[in-house]
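**Student:** Got a structure for you, questions after.
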Amino acid sequence: MIVSNVSLSGCAAVSGALCAAAAGEGLHQGGAAGGSYRNTLSPTGNLVVAVCLGFIGTLGLMNNLLVLVLFCRYKMLRSPINLLLINISISDLLVCVLGTPFSFAASTQGRWLIGEGGCVWYGFANSLFGIVSLISLAVLSYERYSTMVAPTEADSSNYRKICLGIALSWVYSLIWTVPPLFGWSSYGPEGPGTTCSVDWTARTANSISYIICLFVFCLIVPFLVIVYCYGKLLCAIRQVSGINTSTSRKREQRVLFMVVIMVICYLLCWLPYGIMALLATFGPPGLVTPVASIVPSVLAKTSTVINPVIYVFMNKQFYRCFQALLHCEAPHRGSSIRSSSKVATKAVRGVAVTGPRRTNNLLFMVASLGQPVSTMPQLGPSVEPTIDVTKGPSSDNNKPVVSLVAHFNG
């Protein structure tokens, strides 16, 4: 779930020292081995893993550095919601800098290179940054959802709520990654011996209780938050899709596409890792082989490459700045219209309890807003009009209320 590697219990295929490690006794080989850990992959397997890690590490480093460069260079990107995106990029960048190079070097040499202390540090650091990234994704989904349903317009200059969310992601991660340093489970070699993580294979009550908590609170809970928040957000958008059929349906389809991509990529990166960890913990010895474990390990590390693409470069605001950076010019603002349309919670709830004139749910309220869409002013190709239902029915038919949907498009 958290570090980009899954442990194995393939004692039948490895040496007695490895079997001792699976029992929680450690895998460290001293003496002639020079403080390294034994490896169970073939030279070809190590080469393939090294190439994959090198590719992932390089792309992840470039993508996340580019995000930070854009954020520092263009003031228009310095909004509270974008700070969450930067937090995700920082955690992913730290994985690329402080984690991937060591596993890459170990794969090229076929053994762990920085000793037992380095193994513990690697396991802790990668677990910490991985959980920060996962919790930040959940906080981001909640922020988008709460902005969408807030009864009042969000204050774009209020950083307090977002800073609390960022602090929460780091504190929450520390809560779950520090205990192995003090005896609740432990960090050690895993898989083919070229990476380190939580000791998934120890069958003690101490270790199993930690692994269950880690799986539930650091993988399942963030996933449920993401699915719930984006699901409710999508439902809110669907409720107002009757205003302009072509435009609203197009926006609805784009938001649905982004939500599906976010959920699929989350599951693709982390679910195989979580499943393999549980199999190594609760399955019979030898069920998870070194070769089988390395695939979820690599998939988990790809999150450092995928996150910037999904959450940043599919954001129109960031993309415009990226284009401006490539052409060495000022970014083109799509519109001066505010970029956080919100569905009024009070209004939505009131629809169900007010008189029969509002029995047509939210669409009655939306239909009474502004002038017909066909007479709306042209906003340019990068702006798609929707109706902002945060305002009551307008008596001025010459002043349409237009806004963009909840940070998905910058």
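The values are calculated or read from the model by the stated rules, or taken from the named source; none is laboratory data. What you see is a predicted model; the values in this text were computed from it and never measured. Glycine also receives a Cβ, built like all others from the backbone with ideal geometry; neighbour counts cover every protein chain displayed. The protein model used for the area step is the full one, side chains on, heavy atoms only, and it has no ligands, DNA or RNA in it. Shrake-Rupley method; radii C 1.70, N 1.55, O 1.52, S 1.80 Å.
**Student:** Restricting to segment 166-189, what's the tally of residues that are in a strand (DSSP E or B) and farther than 25 Å from Ile88 by Cβ?
**Tutor:** Counting residues in segment 166-189 that are in a strand (DSSP E or B) and farther than 25 Å from Ile88 by Cβ gives 2.
**Student:** Out of all the residues in segment 202-216, which are open to solvent by 10 Å² or more (accessible area, probe 1.4 Å) and either assigned to a strand (DSSP E or B) or in contact with an Asp or Glu (Cβ under 8 Å, 6 or more places away or on another chain) (or both)?
**Tutor:** Selection gives nothing.
**Student:** Here is a follow-up. Restricted to segment 256-295, and to residues that are assigned to a loop (DSSP other than H, G, I, E, B) and either in contact with a helix residue (DSSP H, G or I) (Cβ under 7 Å, 6 or more places away or on another chain) or at pLDDT 90 or above (or both), which residue is most open to solvent (accessible area, probe 1.4 Å)?
**Tutor:** Of everything passing the filter in segment 256-295, Pro285 is most open to solvent (accessible area, probe 1.4 Å).
**Student:** While we're looking at this one, here's another question. Please report, ordered by residue number, the helices (runs of 4 or more DSSP H) entirely within segment 60-165 with at least 2 residues that are among the acidic types (Asp, Glu).
**Tutor:** 115-149
**Student:** Another question, if that's okay. Return the residues of segment 65-101 that are open to solvent by 50 Å² or more (accessible area, probe 1.4 Å) and in contact (Cβ under 8 Å) with a residue 60 or more places away in the chain; say none if nothing qualifies.
**Tutor:** Val69, Arg73 - these are the residues of segment 65-101 that are open to solvent by 50 Å² or more (accessible area, probe 1.4 Å) and in contact (Cβ under 8 Å) with a residue 60 or more places away in the chain.
**Student:** Applying the selection to segment 111-121, what residues are surrounded by fewer than 22 Cβ atoms within 10 Å (Cβ to Cβ) and of a type outside the set (Lys, Arg)?
**Tutor:** Residues satisfying the conditions are Leu113, Ile114, Gly115, Glu116, Gly117, Gly118, Val120, Trp121.
**Student:** Collect the residues in segment 296-309 that are part of a helix (DSSP H, G or I) and surrounded by 17 or more Cβ atoms within 10 Å (Cβ to Cβ), keeping them in residue-number order.
**Tutor:** Listed by number, the residues that qualify are Pro296, Ser297, Val298, Leu299, Ala300, Lys301, Ser303, Thr304, Val305, Ile306, Asn307, Pro308.
**Student:** Okay, next question. What residue, of Thr40, Thr44, is at pLDDT 50 or above, in a helix (DSSP H, G or I) and over 30 Å from the mean Cα position of the chain (by Cα)?
**Tutor:** From the options Thr40, Thr44, the qualifying one is Thr44.
**Student:** So, one more: Please count how many residues of segment 127-145 are open to solvent by 10 Å² or more (accessible area, probe 1.4 Å) and either more than 18 Å from Leu164 (Cβ to Cβ) or without any contact (Cβ under 8 Å) to a residue 24 or more places away in the chain (or both).
**Tutor:** Final tally of qualifying residues: 2.
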